[in-house]
Each structure stands twice: as structure tokens, then as C-alpha cells.
1. Can you name the residue in the range 402-429 that is free of Cβ contacts under 8 Å to residues at least 60 places away in the same chain and in a loop (DSSP other than H, G, I, E, B) and is also nearest to ligand 2 (Cβ to nearest atom) among such residues?
2. Which one of these does residue 383 not meet: (1) assigned to a loop (DSSP other than H, G, I, E, B); (2) more than 30 Å from residue 450 (Cα to Cα); (3) open to solvent by 50 Å² or more (accessible area, probe 1.4 Å)?
3. Search the range 228-248 for residues being on the phi < 0 side of the Ramachandran plot and away from ligand 5 (no atom under 12 Å from the Cβ), and hand back the single one that is surrounded by the fewest Cβ atoms within 10 Å (Cβ to Cβ).
4. Kindly evaluate residue 466 against the criterion of being open to solvent by less than 80 Å² (accessible area, probe 1.4 Å) and on the phi > 0 side of the Ramachandran plot.
5. Tally up the residues in the range 251-268 that are near ligand 4 (Cβ under 6 Å from one of its atoms) and touching a Phe, Trp or Tyr at 6+ places or on another chain (Cβ under 6 Å), please.
6. Please identify the pairs in which a residue from the range 438-449 that is of a type outside the set (Lys, Arg) and modelled with pLDDT of 95 or more has its Cβ atom under 6 Å from the Cβ atom of a residue that is assigned to a helix (DSSP H, G or I) and open to solvent by less than 50 Å² (accessible area, probe 1.4 Å), counting only partners at least 6 apart or on another chain.
7. For the structure I just gave you, tell me whether residue 208 is in contact with a strand residue (DSSP E or B) (Cβ under 6 Å, 6 or more places away or on another chain) and away from ligand 4 (no atom under 16 Å from the Cβ).
Amino acid sequence: MKNKLNHTSLSHNMISLCGMILAAIGFLAGATLIAIDVQSHFENPYTGIFTYMVIPVILAGGLFLILLGVVIEKKRRRNSSSGKEDNLPVINLNEKRQFISFVVVVVVTLLFIGISVVGGYRAYHFTESVEFCGKTCHNVMKPEYTAYQNSPHANAGCTKCHIGPGADFFVKSKVNGLYQVYSSLFNKYSRPIPAPVHNLRPAKETCYTCHWPAKFVGATEMTRTYFRADETNSPWTIQMLINVGCGGSSQGSAKGIHWHVAEDNTVEYIARDEKRMEIPWVRVTDAEGRQTIFQDENNPLTPEEIATSEIRTMDCIDCHNRPAHQFRSPERALNEALTHGLLNPDMPEIKLNGIAALMGEYETEEEALESIENLLAEAYPEGGAVVEEAIAAIQQIYSRNMFPEMKVSWKEYPDHIGHMITPGCFRCHNDDHRSEQGQVISRDCDSCHTIIAQGPGRSVTSINTGGLPFQHPEDIDEEWKESRCDECHEGLPVM
Ligand code: HEC
Ligand code: HEC
Ligand code: HEC
Ligand code: HEC
Ligand code: HEC
Ligand code: HEC
């Protein structure tokens, strides 16, 4: 007589049973949630994390337990039955019970594969969404997400610049992403997140999907009004044409600011520091392959240092390092708010008081907002709607640009465009980088822009398209010609 046990399925055991229950729960919950997500997108990133990250783990755990149970059960039966046994089960589809089981297994498997495919596709899209990247780890990503929403790229999506197309970066980013989810769960991330981002995808594969440098021909007009830190917040306006230029190859010879990224030439450099603020060595290769090396004559690198340093090819990010995450200095943000009427320039000393309120050393955003309110209420004891509005506007400037919990501000993430608040272009264009032939990387004011109007007031009346020599708003002699602007300005009022 055959052992009855051998007729019952191998999956009839406690471990497999638990696995089946777990898998069934995971399956039903997952299928329901995916159906809901397909109908109407999840707004809340946690629902997405639960559906596409937690449930698959439950499901896989269930399937694993079923298998584990079968393996253990098989071992147990082999040990208890002394006789020899066929290794594979015999399936007889003429037997009604076996036929029904077979159909059930096939249908469930197909359903499972179908839902996994839909689920996998949705999961892929979910982990690429702005909700997932920007909101999941609010504290960590809050500065970048906030700045992104106030940037010209607010609708681009994080992955357009951070991941881009192709399987290699997809895998890299998901592996990296897993580490990031882990480090934020266990509070292991650094504050602020280190920049520059070394494994950022090359600009050619991100920025170039929307922008095409050969096409930027001509100049861009820029008008800015500055408010001085005096009693009446005296305005001063500068209007200039910025020589963006470019071209290259089929479009004639490249010129202007975008010359650095024209197809015909390559600009490479070595930075002395991690943040790429000090650039003592620059090499230009032109269309014919001729090379010119410029070295900082005050502080050159030694040949050994050059041989062992990383040489970086200049691309968009070396100037536009903050296309989506710009953190403005208090001075710049206040000037903009005063220009656009968010702050009333008729309030005496509002620039000075705004700077003082924004510059405080705060541990948390909450503390900062409270102090800003107290400081301004004290400075304008008469109160009223104008003061209320000013408080709200300055609090908003703080919340958009400074993130004490993540130690983020314009100081940690300097913007390389321009040269007034950070060294920017003057990292190379300072008249000190000299080639063996005696050429310098020029700091001639007219090589990058043409000032067409400047002077006191909130607007300028007469424009001189021929260009004007720069007039520094405050009499500082020839100092602005000799020093770097940021040495005095640094984002703070100069007093
Ligand atoms: C227009 C392109 C672009 C978009 C869109 C974009 N980023 Fe960035 N991001 C950058 C660049 C460029 C840097 C590198 C800055 C550097 O190296 O100095 C960066 C840096 C970062 C950093 C490192 C910290 C820092 O501020 O340098 C984080 C975190 C980040 N981005 C998150 C995001 C998130 C989240 C989104 C979507 C909400 C997003 N980014 C959208 C271009 C972009
Ligand atoms: C998904 C498409 C897309 C990608 C990718 C993209 N941009 Fe843009 N970018 C735009 C659009 C659209 C605008 C115009 C926005 C407007 O005028 O409101 C723009 C504007 C800009 C501007 C002008 C900003 C201003 O203040 O007027 C700069 C500079 C810029 N992008 C740089 C970059 C850099 C650098 C990268 C790569 C890191 C990049 N972009 C990637 C779509 C993109
Ligand atoms: C040498 C520095 C530098 C490099 C490199 C550079 N840019 Fe620019 N770009 C500028 C400056 C300066 C402006 C003028 C606007 C400003 O001051 O913000 C500008 C303007 C732009 C604009 C706005 C154009 C307009 O007419 O208003 C876009 C878009 C842009 N750049 C994209 C790019 C892209 C994409 C790359 C990489 C292929 C790139 N830039 C490389 C410095 C640079
Ligand atoms: C890594 C160093 C470096 C940085 C940073 C840099 N440049 Fe340059 N730039 C160069 C070099 C090198 C040349 C070529 C000098 C020469 O051949 O005389 C050049 C040339 C130029 C030219 C003349 C191009 C022509 O028409 O021939 C302009 C305009 C210019 N840069 C603008 C800028 C602006 C604006 C910035 C900042 C947003 C900037 N550069 C940042 C290295 C740099
Ligand atoms: C290598 C190119 C370059 C050179 C040389 C240069 N500038 Fe600029 N400058 C820029 C760019 C780019 C901006 C625009 C920055 C921005 O978009 O915020 C700028 C902005 C400015 C502004 C507006 C300041 C601000 O940030 O609001 C002033 C004023 C100015 N430049 C004056 C000068 C003077 C004076 C000189 C000569 C000593 C000079 N520049 C030399 C590239 C240059
Ligand atoms: C020796 C220090 C010093 C240097 C160097 C310097 N500045 Fe200034 N700058 C000042 C002072 C002081 C003021 C007046 C500040 C005030 O009243 O708010 C001022 C005011 C300004 C203003 C008026 C707006 C404001 O923020 O108050 C502009 C624009 C300006 N400087 C541009 C430049 C540029 C561009 C350079 C480099 C080419 C430069 N400065 C170099 C000291 C300096």
C-alpha cells in the first residue's frame, strides 16, 4: 500500500500555507491599489511607496515562503519514506481534480504576470515622478524641490536633468536611489547634500535634449534695479546686453559667451578644490587641434599636481550650475522683491532691516520666521497693513532661499553665472591666467556685456546702444577695477 502522504501536495504544510496567505494578501492589495492608481494618479508619494515598494516585498516574501515550505516538506518526506521515490510529480490531466488544479494554476500565473507587468510599468513611472523625487524625503529634498518650483524649469521633471534616457543611467540611478532611500530613512545623509554632483549625467545628454547651443545667436537684454542700504533705499538701475552669442561649425565661427560649448572648441580645466571655485589651469583646443594652456600666474599648479589631477571638460553646468535650484542671496532676493512691488520701497530702511532679519543665525525655519516677524514689528512699531505685508514678503524670501535644517543657502551653493556675489566667470576671467605666448583670459568689461544705460532711479530714460563705461554706484575710486567684485559684495550689503 502506498503512503497516503505522498498523494497530498507538497505545499500542504504550515510554512507554505503562511506564504500563500501572505502572497494572497499582497496580490489582492497590490491589484486593488494599482487599479486605483491607473484610474487616478496617486497624489501622495507614500501611497506610491506602499504600492510599488512595500507590497512587492510582501508578495515576494509570500512566494518565497511557499517555496521554502515545499523544499522543507520534500526533504522531510524523503527522510521519512525509506523507499525510492520519483523526483518529479506525475500529472494526469484526465483526472478531474488534477485538471481543475492545473487550470487554476495556469490562470493565476497568467493573472500574476499580467498584473506584475502593469505594476512594474507603473512602478517605473512612479519612481521617475517629481512627487517621488521631490516630496518623499521632504526634509532632504525640500531645498531643491522648493527652488525647482520657482525656476524656469519648474515643469521639466527631475529626471530630465538627473537621469536622462538609456538603460545604463536607469540602473545607476535606481541603485543610487535605493541607497538614498536607505540614507534618508536612517538619517545618514549629509547636510547640505554635496555639490557639485559628481555623477550628474553629462550635459550633452540632458540639457541638449531641450536646448541647442549652436542656435543661441545674439545678445540678451538684462535690466536690474538695485536698492541701496540707506534711509530711502535709493534705487540704481543698470541695463545691459549680455553677449550670449555662439554659432560654430555650419553656423559660422563661434563667438560670445556660448563659445565655450561650441562644437569647434573644447575648454578643459583643473580645479584646486572640491567645489570648483579655484581654477588655476585651463586648456583650450581649437578646431585645428591647436592647444593653448592658461595658468594662474599668482598661484600655478606644479607639474606633479597637473599630472595627478582630474581634468574636466567645461559644459553647461560649469556656468549654469543652478538652472533649477537657485538659492538667492538676501541682497539679490530683496532687490527683486522691491523691484516687483512685493516689498514697498517707500518704507524707510526696509532694505537694511530686511537684510538684518534674513542674515540672523537660525537653527530652524520656524525660529527664523518668528524672529523675522519680531525684528520687523520692532523696527516699525506703527504697524498696519504695509508692515504686515512686508513681514510676509520677507518670510517668503526666507522660506524660498534658506533652509537651516539642511544647512542650505546661497553660500553653500554659489551660482557661477556672473561675478558680483560669487567669483563665477572671474574664476578664469581675471587677467591673471596667462598662456606661454602671453595671452590672458580677459576681464575686459565689454567682452561679455555692453552697458546701455545706468544711473539712479528705478528706470533709465536714455539708452546708448554704443555702450557705456561702467560707473560704480558708490564712489570707491578704481577699486572695482582692481579687486574681484565678490570680495566686497559676497551677497551682503557693503557698509
Ligand atoms: C534643469 C535641470 C534640472 C532639473 C529639472 C532638476 N535638477 Fe537637480 N540639479 C541640477 C544640476 C545642474 C545640479 C548640480 C549642481 C552642481 O553640481 O553644482 C543639481 C543638483 C541637485 C541636487 C544636489 C544638491 C544641490 O542643490 O546641488 C539635488 C538633491 C537635486 N538636484 C534634486 C533635484 C530634484 C528633487 C529635482 C526635481 C524636483 C531636480 N533636482 C530637478 C539640474 C536640475
Ligand atoms: C525638458 C526640457 C529642458 C531640459 C532638459 C533643460 N531645459 Fe533649460 N529650459 C527649458 C525651457 C522650456 C526653458 C524656458 C523657460 C521659460 O522661458 O520660461 C528653459 C530655460 C533655460 C534657461 C534660461 C533661464 C532664464 O532665466 O531665462 C537656461 C539658462 C537653461 N534653460 C539652462 C539649462 C541647462 C543648463 C540644462 C541642463 C542641466 C537645461 N536647461 C535643461 C527646458 C529644458
Ligand atoms: C561660459 C559660461 C556658459 C556656458 C558654458 C553655457 N552658458 Fe548658457 N548662458 C550663459 C550666460 C552668461 C547667459 C546669459 C543669461 C544670464 O546671464 O543668465 C546664458 C544664457 C543661456 C540661455 C538663455 C538664452 C537667452 O537667449 O536668453 C540658455 C537657454 C542657456 N544659456 C543654455 C545653455 C546650455 C544648454 C549650455 C550648454 C550647452 C550653456 N548654456 C552653456 C553662460 C554660459
Ligand atoms: C574654466 C575657465 C572659464 C570660465 C569659468 C569662464 N570662461 Fe570664458 N573663456 C575661457 C577661455 C580659456 C577663453 C578663451 C580665451 C582666449 O582664447 O583668449 C574664454 C573666452 C570667453 C569669451 C570670448 C569668446 C570669443 O568670442 O572668442 C567670452 C565672451 C567669455 N569667455 C565669457 C564668459 C562668461 C560670461 C563666463 C561666466 C558665466 C565665463 N566666460 C567663464 C575660460 C573660462
Ligand atoms: C567673462 C565675462 C564677464 C566679464 C569680463 C565681466 N562681466 Fe559683468 N557680468 C557678466 C555676466 C554673465 C553677468 C550677468 C549675471 C547674471 O545673469 O546674473 C554680469 C553682470 C554684471 C553686472 C550686474 C551685476 C549683477 O550681478 O546683478 C554688472 C554691474 C557687471 N557685470 C559689471 C561688470 C564690470 C564693471 C566688468 C569689468 C570689470 C565686468 N562686468 C566684466 C559677465 C562678465
Ligand atoms: C572695495 C569694495 C567694492 C568692490 C571691489 C566693488 N564694490 Fe560695488 N559696492 C561697494 C559699496 C560700498 C557699495 C554701496 C553699497 C550700498 O550702499 O548698499 C556698492 C554698490 C554696488 C552696486 C549697487 C547695488 C548694491 O548692491 O548696493 C552695484 C551694482 C555694484 N556695487 C557693483 C559692483 C561690481 C559689478 C563690482 C566689480 C566690478 C563691484 N561692485 C566691486 C563696494 C565695492
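The values are calculated or read from the model by the stated rules, or taken from the named source; none is laboratory data. Not measured: the values here are computed from a predicted model. No Cβ is skipped: glycine too gets one built from the backbone with ideal geometry, and neighbour counts run over all protein chains shown. To get the accessible areas, we keep the full protein, side chains included, count just its heavy atoms, and leave off ligands, DNA and RNA. Shrake-Rupley method; radii C 1.70, N 1.55, O 1.52, S 1.80 Å.
1. Among residues in the range 402-429 that are free of Cβ contacts under 8 Å to residues at least 60 places away in the same chain and in a loop (DSSP other than H, G, I, E, B), the one nearest to ligand 2 (Cβ to nearest atom) is 418.
2. Failing condition for residue 383: (3).
3. 231
4. no
5. 0
6. Sorted first by the residue in the range 438-449, then by its partner, the list stays empty.
7. Considered against the rule, which asks whether it is in contact with a strand residue (DSSP E or B) (Cβ under 6 Å, 6 or more places away or on another chain) and away from ligand 4 (no atom under 16 Å from the Cβ), residue 208 comes out as no.
Condition check ((1) closer than 30 Å to residue 49 by Cα; (2) free of Cβ contacts under 8 Å to residues at least 40 places away in the same chain; (3) out of contact with any His (no Cβ under 6 Å at 6 or more places or on another chain)) across all residues:
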residue	(1), (2), (3)
200	yes, no, yes
220	no, yes, yes
231	no, no, yes
236	no, no, yes
247	no, yes, yes
260	no, no, yes
269	no, no, yes
278	no, no, yes
289	no, yes, yes
